[in-house]
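Enquirer: After the structure tokens below, expect a handful of questions from me.
The values are calculated or read from the model by the stated rules, or taken from the named source; none is laboratory data. Since the model is a prediction, treat every value here as computed from it, not as a measurement. Quick reminder, even Gly has a Cβ in these numbers, built from the backbone with ideal geometry, and neighbours come from all protein chains shown.
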């Protein structure tokens with residue numbers, strides 16, 4: 001549980017650094033470092049898999065998918081704690 005909360009907070013910090021970067025440019029440097037590290041770790045994880053399936057060209061999409069993932073992860077983290085919702089015919093609390 002702590003790992004998930006830590007990951008969510010990291011992704012929130014990415015969004016906050018983007019917003020704060022319009023007030024002070026040093027936040028854009030931190031944002032760039034965060035995104036670069038995220039892409040590096042994703043590449044390290046996905047390279048052997050894409051190489052095995054001969055689909056390395058898909059790794060070009062990381063540049064687009066990482067920022068979208070940040071938005072998605074933060075949004076789902078907030079909505080998931082909202083309350084009850086119906087999932088696969090069952091009420092989840």
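Enquirer: Among the numbered criteria (1) at pLDDT 95 or above; (2) touching a strand residue (DSSP E or B) at 6+ places or on another chain (Cβ under 6 Å), which one does residue 85 miss?
Expert: (1)
Enquirer: Taking the range 1-24, which residues are outside any helix (DSSP H, G or I) and modelled with pLDDT of 95 or more?
Expert: Narrowing the range 1-24 to residues outside any helix (DSSP H, G or I): 1, 21-24.
Within the range 1-24, 21, 22, 23, 24 meet the criteria.
Enquirer: A follow-up question, please. Restricting to the range 73-93, what's the tally of residues that are assigned to a loop (DSSP other than H, G, I, E, B) and either closer than 15 Å to residue 14 by Cα or in contact (Cβ under 8 Å) with a residue 40 or more places away in the chain (or both)? Walk me through it before giving the result.
Expert: The initial filter retains those residues of the range 73-93 that are assigned to a loop (DSSP other than H, G, I, E, B), namely 80-84, 88-89, 93.
Of the ones still in play, those that are also either closer than 15 Å to residue 14 by Cα or in contact (Cβ under 8 Å) with a residue 40 or more places away in the chain (or both) are none.
Of the residues in that region, 0 qualify.
Enquirer: Output the number of the condition that residue 72 fails; it satisfies all remaining conditions of (1) under 21 Å from the mean Cα position of the chain (by Cα); (2) farther than 20 Å from residue 5 by Cα; (3) surrounded by 10 or more Cβ atoms within 10 Å (Cβ to Cβ).
Expert: All conditions are met except number (2).
Enquirer: Let me ask another. Can you tell me which residues in the range 46-60 are surrounded by 10 or more Cβ atoms within 10 Å (Cβ to Cβ) and assigned to a helix (DSSP H, G or I)? Before you say what the answer is, go through the steps one by one.
Expert: Initially, the range 46-60 is screened for residues surrounded by 10 or more Cβ atoms within 10 Å (Cβ to Cβ), giving 46-47, 49-51, 55-56, 58-59.
Hits for the range 46-60 are 46, 47, 49, 50, 51, 56, 58, 59.
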